[in-house]
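The values are calculated or read from the model by the stated rules, or taken from the named source; none is laboratory data. Nothing here was measured: the structure is a model prediction, and the numbers come from that model. Backbone-built Cβ (ideal geometry, glycine too); neighbour counts: all protein chains shown. Protein only, heavy atoms only, side chains kept; ligands, DNA and RNA dropped before computing areas. Shrake-Rupley method; radii C 1.70, N 1.55, O 1.52, S 1.80 Å.
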Amino acid sequence: MNYAAAIDTALQRLHDEGRYRTFIDIERRKGHFPHATWNRPDGSQQEIAVWCGNDYLGMGQHPVVLDAMHQALDATGAGSGGTRNISGTTVYHKALEAELADLHGKEAALVFTSAYIANDATLSTLPRLFPGLIIYSDALNHASMIEGVRRNGGAKRIFRHNDVAHLRELMEADDPAAPKLIAFESIYSMDGDFGPIAAICDLADEFNALTYIDEVHAVGMYGPRGAGVCERDGLMDRIDIINGTLAKAYGVMGGYIAAGAKLCDAIRSYAPGFIFTTSLPPAVAAGAAASVRHLKSDQSLRDKQQEHARILKMRLKALGLPIIDHGSHIVPVHVGDPVHCKLISDMLLERFGIYVQPINFPTVPRGTERLRFTPSPVHTPRMIDGLVRAMDSLWSHCALNRAELSA
């Protein structure tokens, strides 16, 4: 086999489909987020505003977080020194898990190196704990959930997105005595729509199923203490396993599950993705714990972020742009073509210093390519105004000059 030719063919396919992804080399500057410096391919630099980051609340720059990380770094050094089982469990990891368990009102929490690993490791391990387990998974679940369900070797059923009636049909067709688990999300990040949490919990009660929810795009953002949509809606006690991240609203790195103490102990003891992975650096764990603790009481950041999201959606809608609005903090603008989506993204960056990455397949289905804006509390009204004016100018240009853009 000509291995080099095979690689060339695979990469060329992405180019031909207009979905080859380019890294934008940026330098975040302490104290100036969402401003950053773009290191252009020609070696020059350009000041830009980041509009597509997942640091939803700007906590990656917050003094409380940075101070905690500095103190832990000075006290312990850089790395953790091992896996959680072999010298990699520190007081910082235990403190972080205690903060997370308290946040979600659960007996325990278990920290992983990312929410992707937390989903994959947990969902792929559960059938070892519950032989014969059937997992019912929403069709639009995150890739990490899909991979965990795929790898577990057990039975799986895929229900149409947010379709509780279809979920019921699938559950009714299975053995009533079989162990069951429903895996879904609270906020689906590409459209910004909410999962029907209460209705799914009702089905779980009826069919004696466990519930597993991904709150990655909601933790820190919703609820009086930032525990997510389940907290906002008073449903945390009806969820058996909550997955969350420390890398979005909390502004640091890592992922976790929160659940009963025995279940967390079993995942800790059986999941290879936990057992054989070096633990987070203590400084990262300390920063994450400080962020979680701070956002339990700082409602002002959540309120400001929601306000900016509402304003941006309202103004883009007023221009007639195809906004996908389900009432969450996520602001997707539908483009529907990978080539045009990238061209608009490139023009926003080069002409206006606005960085928003194009979202295309396989992150979203073909034909639903979009620009996904994530306003934060530190995006100023002037920056919002600049973005709206740029989109107005650029969208009109694109509508009139499709042939030019495709040339």
Connecting every pair of Cα atoms under 10 Å apart in the chain and solving the GNM, the largest mean-square fluctuation among Ala143, Ala115, Ala249 falls on Ala143
A student applying the Cα gyration tensor rule (rounded when a/c is under 1.5; otherwise prolate if a/b is larger than b/c, oblate if not) would label segment 85-139 prolate
Rg from C-alpha atoms of the chain, normalised by the globular rule of thumb 2.2 N^0.38 Å, equals 1.02
In whole percent, the fraction of accessible protein surface over segment 220-349 that belongs to carbon or sulfur atoms, probe radius 1.4 Å, stands at 56
For 319-331, 222-234, ranked highest to lowest by mean beta-carbon neighbours within 10 Å, the order is 222-234, 319-331
Candidate cut points under trypsin sites (Lys or Arg not before Pro) in segment 108-201, DSSP loop plus at most 15 other Cβ atoms within 10 Å of their own Cβ, are Arg160
From the cross-link list Lys248/Lys296; Lys248/Lys304; Lys262/Lys296; Lys94/Lys180; Lys30/Lys296; Lys156/Lys180, the entries with a Cα-Cα span beyond 20 Å are Lys262/Lys296; Lys94/Lys180; Lys30/Lys296
Under a Gaussian network model of the chain whose springs join Cα atoms within less than 10 Å, the largest fluctuation of Asp102, Asp175, Asp42 belongs to Asp42
Of all C-alpha pairs within segment 236-333, those more than 16 angstrom apart amount in percent to 71
Amide H contacts under 5 Å for Ile158, restricted to residues at least 5 apart in sequence or on another chain and with H modeled in the peptide plane, are Ser137
For segment 40-128 the mean separation of alpha carbon contacts under 8 Å (6+ apart) over residue count, i.e. relative contact order in percent, is 10
The distance between the Cα centres of segment 124-150 and segment 339-354, in whole Å, is 38
Whole-Hz Karplus couplings 3J(HN,Hα) for segment 133-148, θ = phi - 60° and coefficients 6.51, -1.76, 1.60, Gly and Pro as x, run 4, 10, 9, 9, 10, 4, 4, 9, 4, 4, 3, 5, 6, 4, 5, x
Expressed in angstrom, Rg and Dmax over the Cα atoms of segment 76-117 are 11.3, 32
Dividing the mean separation of Cα pairs under 8 Å (6+ apart) by the residue count of segment 153-224 yields a relative contact order in percent of 31
Expressed in nanometres to one decimal, the distance between label points 7 Å along Cα→Cβ at Gln46 and Ala173 is 5.2
Per-residue ellipticity at 222 nm attributable to helices in the chain (runs of n ≥ 4 DSSP H, -39500 (n - 2.57) apiece, nearest 500 deg cm²/dmol) works out to -13500 deg cm²/dmol
For the chain, averaging the sequence separation of alpha carbon pairs under 8 Å that lie six or more residues apart and dividing by its residue count, the contact order in percent is 21
With the convex hull built on the alpha-carbon atoms of segment 74-225, volume per residue in Å³ sits at 142
Karplus ³J(HN,Hα) for segment 159-166 (6.51 cos²θ - 1.76 cosθ + 1.60, θ = phi - 60°; Hz, whole; x = Gly/Pro) runs 9, 4, 3, 6, 9, 5, 5, 5
Counting only protein heavy atoms with a 1.4 Å probe and every protein chain in place, the carbon and sulfur fraction of the accessible surface of segment 1-155 in whole percent equals 56
